[in-house]
Amino acid sequence: MDKKLNLTSNPIGRLLRQIAIPASTGSLFQTLFNIIDTFYAGKISPESLAALAKSFPLYFIIVAAGVGIVSGCNSLIGNAIGERNKIAASIYAHNTIVYSILLSFFITFIGIYFSYDLLKFMGNNEENIMLAKKYTDIIFLGSIIFLIQFSFNSILNSQGDTKSFRNFMLVGIIANIILNPIFIFGLFFIPAFGIAGLAISTMLIQFVGCIYLYSKVNKLEIKIILNIKNFYIRRNFFRNIFDQAMPITFSLFMVSVGGFILLSFLTIFGDKAIAGYGSALRFEQVFILPIIGLNIAVLSIAGQNFGARRYDRVREVYFKGVSIGILVMCFSGIIIYLLSEPIISIFSNDLEVIKFGSSYLKITAFICPVYPIFFISHALFSALKKSYFIFYMNLLRMVILPFIIVWTTINIMNGYFHDIFYGLLIMNWILGLLVLLIARGLMIKTFKEQKKAFFIF
């Protein structure tokens, strides 16, 4: 990490580049990691590809918990650093690890004992459920590895280091390409695990990544010292972690719930529709990566500057992040639209799978420019310790309104697959403009500024 990186004094534009680009690259590698899994699942069978797609909302429970840790604890540690309170920052860092371990036990229990019912809810038959569970059971048993890794990453991000995670994921991609076919199809003394091999490969790589990120954390100012006394729960600090991280986790859990609901409706169009949609979703994630990088950068910069009471810089990084994100996603939308069919054909040569997947991508290309408003606003709300806004926003955007739109489209309007996503397109644009107004109003209230200082749109 650049030793001259100062989140409270360096120019905002330069900081966004220094933090967002490595973060985006790391997220790109992480998404490519998942795409490799999707590719190999397609090589096993179309049923395995559909099973992987249907297991994604379950897997996203772990992701939701992890992002809650990264976003919530990043802001708390960043605020403490901005206030020049290194002791508080260190306590937050160690208690973040404890929080992650305790949360992983709960998630493992939920995943192992309720995954069957959740998969059944999405309309799967017995064969598909058992196929998906071969993958998800291993992933849930390893949730402690995922969440500790997320904890280390939050500590790194709060200090401006987004390069370490990027470097790990680059190596992880190469390892995944090598290990996936070995554990799926077998080699020498290693038996063929089928779809479970995808999960085994993932967990081995994530475990090594945990060790690597821990070593990188201990090269920074705020370290993790393996002394039992450092991991005692400090009630006030632990409560702050819970209050900041849990609303973000639940808000992203709403994404998982929304995924369950959407997939349960899409099952009426058949497994090929699910396979096409799941493949398209993985491809779409590649183009959202710059926005994820901006989200991490805005959260890191705004978190420290809010702690240092540099409100002008918080405001500046928010609006610059949104502006840059919209420009990037307009360009990404064009590429997604033009390459929709060739990309889906990488995952499957089935014409129906390609038709469904490309249909979704051509519509989502027009949703892309509004995504930055949601992502950057979420970073702002976390930095200002108003993470409950994210929960209510995602409850509305990912669960309540989509359910109404999808149910109405199918049951009243007799709509088809693509009609669902046209409805979601309109919904996202309306909510995006509303969120922009909410973010502007929150800054006016929090910073006690005059409205005219914010009237830039």
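Miscellaneous remarks
- Low-density loop positions, trypsin sites (Lys or Arg not before Pro), the stretch 350-423 - DSSP coil, at most 13 other Cβ in 10 Å: none
- Placing a label point 7 Å from the Cα of residue 83 along the Cα-to-Cβ direction, the residues of the stretch 206-246 with a backbone N closer than 13 Å are 236-238, 240-241.
- Basic side chains Lys and Arg get +1 at the Cβ, acidic Asp and Glu get -1 at the Cβ, and with that the dipole of the chain about its Cα centre reaches some 2100 debye.
- Segment residue 264-residue 127, length gained on full extension (0.36 nm per residue, minus Cα span): 47.7 nm
- Legend: distances between Cα atoms for 54/223; 54/362; 229/448; 134/355; 134/219; 86/386; pairs beyond 30 Å are 54/223; 229/448; 134/219.
- From the largest down, the stretch 144-206 spans 44, 22, 16 angstrom on the principal axes of its Cα atoms.
- Sparse packing (at most 12 other Cβ atoms within 10 Å of the Cβ) combined with a DSSP loop state is found for none of the trypsin sites (Lys or Arg not before Pro) in the stretch 90-159.
- Each peptide in 148-157, 109-118 gets a packing score, the mean of other Cβ atoms within 10 Å over its residues, and the list from highest to lowest is 148-157, 109-118.
- Of the cross-linked pairs 43/272; 163/216; 43/120, those separated by over 19 Å at the C-alpha level are 43/120.
- Taking each residue as 0.36 nm, the span from residue 171 to residue 204 lengthens on full extension beyond its C-alpha to C-alpha distance by 10.6 nm.
- Overall form of the stretch 17-115 per C-alpha gyration tensor (a/c, 1.5; a/b vs b/c): oblate
- Whole-number percent relative contact order across the chain, with pairs defined as alpha carbons under 8 Å at least 6 apart: 24 percent
- Using R0 = 30 Å, the C-beta based FRET efficiency linking residue 189 and residue 225 works out to 0.15.
- Dipole-positive endmost among 111, 177, 142 within the stretch 102-198 (Cβ charges, Cα centre): 177
- Of all aspartates and glutamates in the structure, those lying under 20 Å Cα to Cα from residue 320, and not within fewer than 8 positions of it along the same chain, are 312, 449.
- Solution diffusion estimate, µm²/s, Stokes-Einstein, the chain, Kirkwood Rh from C-alpha pairs, 20 °C, viscosity 1.002 mPa s: 96 µm²/s
- Listed residue (273, 346, 322) projecting farthest to the positive dipole end of the chain, Cβ model: 322
Values in this text are rule-based calculations from the coordinates and carry no lab data. Keep in mind the model is a prediction, meaning the values are calculated, not measured. Cβ sites come from the backbone with ideal geometry, for glycine too, and all protein chains shown count toward neighbours.
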